[in-house]
Amino acid sequence: MVNSTLVATIYVNPVVGNDADTGSRLDPYKTLTHAFSVTTTPKVIQLASGTYSTATGEVFPLVIPPGVKVVGNEVTKGQGIVISGSGKYQSPSFGLQNITLLLLGDAQLMGVTVMNAIAKGTGVWIESTAPTLANNTLMRCGREGVFVSGAAKPTILDNIFVQNAVGGLIMACQSKGEVRRNFLQKNALAIAISDFAAPIVAHNKLLENRTAIALSREARPVLRHNLIEKNTSYGLLINGNASPDFGSTQDPGGNIFRDNRLFDVQNMTTTKVVSSGNNLNIEQVRGLVEFIAAVEDTPKQISVSSSCSDLAGHWAEPFIRALMSMNLTRGFADGSYKPDKPMTRAQYAALVVDAFNPIPKLRTPDFVDIPEDYWAQSAIQIAAQSGFVGGKSDRTFCPEQNVLRIQVLVSLVNGLALSTAHHDTLLRYNDYNAIPNSARTAVVTAIQQRIVVNYPDFRQIEPAREATRGEVIAMVYQALVAIGRLPAISSPYIVSPLTAENVKLKNTEKEKL
């Protein structure tokens, strides 16, 4: 016998709804306030476009009970579905507050825009609960978009925090939880972590804030694979006795710091911070910071080594060295790089997430063969949700299988949404018939964008062959060139549309090597 829980769906529309109606799709309620008063749980509350405010009958703060999921439009991050207002809330840890929403228990808020424009106003308050906040926009709040307090363990995924007066996300007390894949821009503080808070902060983009991440008191966050760029003061500011996990020899940080006006990292404490595997300009670092190299502890991961004895004279050396300098690829603990060794699908997913730092835009099922503690679980999920990789019909990903050249080419074209090319130049390649029909447009596009790299014969596409580490790095580098992020590298093994003239030219270049 299969146990199942009936979930009721309630519809709310602030424009045409009526709280005296049934709350069905055809007869929606007018207010969230009334929808929350309906005793049926668990339930989903589906919001129509419009503004939910005191003018439409809402009473703030709005309290989302445990077991309730409020959904707007996750694809647009809540564009046009606005919850705007403020009410008094007595926080057990911080006293009287002005907030828009309070999330209790395992409540879920997805696909809405939240605003609280009054002075010292907070958009969402989370106190000692474990809710999910995903695919929302938190904007123009008088103080911060989200405040997390007490012993809360929220899951905060794929949200946009923009133009909040004091902070995008504030985490205090003993809070933990996960903060992943959020976009934070033009806030005074993008993320502030204080007291004994120790969340995981990973794969977020923090751009054009005053300070990207500020730590104080005894904060102990884990910082992984964040892009921290063009902030007007600091990238990472460490105060009090705070001590972030900023990467280790076995678990590189993978954070990228670029173009922050004052310093990338300012450690104002008397405690040394260890940085391993982060992309930092040492001249932009102040305070006690020790830099250590990361070392591979498993053959499943691409690890750190600054000198790779087997790269000298290798055809892919210029591409590999370039991405190594950006901390996007690394060698093995024995001092080798193994450029001719195949790359697994898991390693490839981790590489494209680090290289392109994509914003997830698709809803994908969890892969049944990727456990939560798998080393690349988060990277595979992000790569899938951003269109770079996919699984099979049985919901498997096969992370330990080696990635094929055709998979890399289709992945880069699709993941970067490159303009498709329809000129049939493939007939000139020796193995044209080996390219699947479904992939030919992507391959033509990759050729015209000069992404395809092949050794030793540039006239071969070899779609079904396992891609080597050197080939994958070269093609990822070329994709970064195609989107304008890196300068071109001259190589006779870059595949381009074949003409008699460039065939002759490439043969001449190869003879000179």
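The values are calculated or read from the model by the stated rules, or taken from the named source; none is laboratory data. What you see is a predicted model; the values in this text were computed from it and never measured. No Cβ is skipped: glycine too gets one built from the backbone with ideal geometry, and neighbour counts run over all protein chains shown. Surface accessibility is based on the protein's heavy atoms, side chains included, excluding ligands, DNA and RNA. Shrake-Rupley method; radii C 1.70, N 1.55, O 1.52, S 1.80 Å.
Here is a check on your reading of the model: is S233 within 24 Å of the chain's Cα centre (by Cα), over 24 Å from G167 (Cα atoms), open to solvent by 10 Å² or more (accessible area, probe 1.4 Å) and of a type in the set (G, A, S)? The answer is no for S233. Do we have A20 as open to solvent by 60 Å² or more (accessible area, probe 1.4 Å), assigned to a loop (DSSP other than H, G, I, E, B) and at negative phi here? Taking the combined requirement at face value, the residue satisfies it.
Is it the case that some residue within the range 51-67 is surrounded by fewer than 22 Cβ atoms within 10 Å (Cβ to Cβ), among the small types (G, A, S), in contact with a Gly (Cβ under 8 Å, 6 or more places away or on another chain) and more than 30 Å from S386 (Cα to Cα)? Spell out the reasoning first.
Initially, the range 51-67 is screened for residues surrounded by fewer than 22 Cβ atoms within 10 Å (Cβ to Cβ), giving 51, 53-57, 59, 61, 63, 65-67.
Add one more test, that the residue is among the small types (G, A, S), and what stays is 53, 55, 57, 67.
Going one step further and asking which of them are in contact with a Gly (Cβ under 8 Å, 6 or more places away or on another chain), we end up with 53, 67.
Cutting the leftovers down to more than 30 Å from S386 (Cα to Cα) gives us 53.
Checking the range 51-67: at least one residue is surrounded by fewer than 22 Cβ atoms within 10 Å (Cβ to Cβ), among the small types (G, A, S), in contact with a Gly (Cβ under 8 Å, 6 or more places away or on another chain) and more than 30 Å from S386 (Cα to Cα).
Selection of the range 454-476 for residues being closer than 15 Å to Y348 by Cβ and either open to solvent by 10 Å² or more (accessible area, probe 1.4 Å) or in contact with a Ser or Thr (Cβ under 7 Å, 6 or more places away or on another chain) (or both) yields R465, E466, T468, I473.
In the range 120-136 there is no residue matching the filter, namely being free of Cβ contacts under 8 Å to residues at least 60 places away in the same chain and of a type in the set (F, W, Y).
Selection of the range 75-91 for residues being in a loop (DSSP other than H, G, I, E, B), under 28 Å from A151 (Cβ atoms) and open to solvent by 30 Å² or more (accessible area, probe 1.4 Å) yields only S86.
Which number in (1) open to solvent by 40 Å² or more (accessible area, probe 1.4 Å); (2) in contact with a Phe, Trp or Tyr (Cβ under 9 Å, 6 or more places away or on another chain); (3) among the aliphatic types (A, V, I, L, M); (4) modelled with pLDDT under 75 marks the one condition that A500 misses? Here A500 meets the rest and fails (2). Residues in the range 139-155 that are farther than 12 Å from I191 by Cα and of a type in the set (A, V, I, L, M, F, W, C): M139, C141, A151, A152. For the range 189-212, filtering for residues that are within 13 Å of A165 (Cα to Cα), open to solvent by 10 Å² or more (accessible area, probe 1.4 Å) and part of a loop (DSSP other than H, G, I, E, B) leaves 1. Taking helices (runs of 4 or more DSSP H) as the structural unit, those lying wholly within the range 356-471 and holding at least 3 residues that are more than 26 Å from the chain's Cα centre (by Cα) correspond to 440-448.
From the set of residues in the range 290-339 that are surrounded by 20 or more Cβ atoms within 10 Å (Cβ to Cβ) and closer than 21 Å to P244 by Cβ, which is modelled with the highest pLDDT? Looking at the filtered set, the residue picked out is A294. The residue pairs whose first member lies in the range 426-450 and is β-branched (V, I, T), whose second member is modelled with pLDDT under 80 and open to solvent by 60 Å² or more (accessible area, probe 1.4 Å), and whose beta carbons are closer than 6 Å, counting only pairs six or more residues apart or on different chains, are T441/T420; T445/T420. Scanning the range 92-124 for residues that are over 15 Å from I64 (Cβ atoms), open to solvent by less than 20 Å² (accessible area, probe 1.4 Å) and hydroxyl-bearing (S, T, Y) turns up just one, T113.
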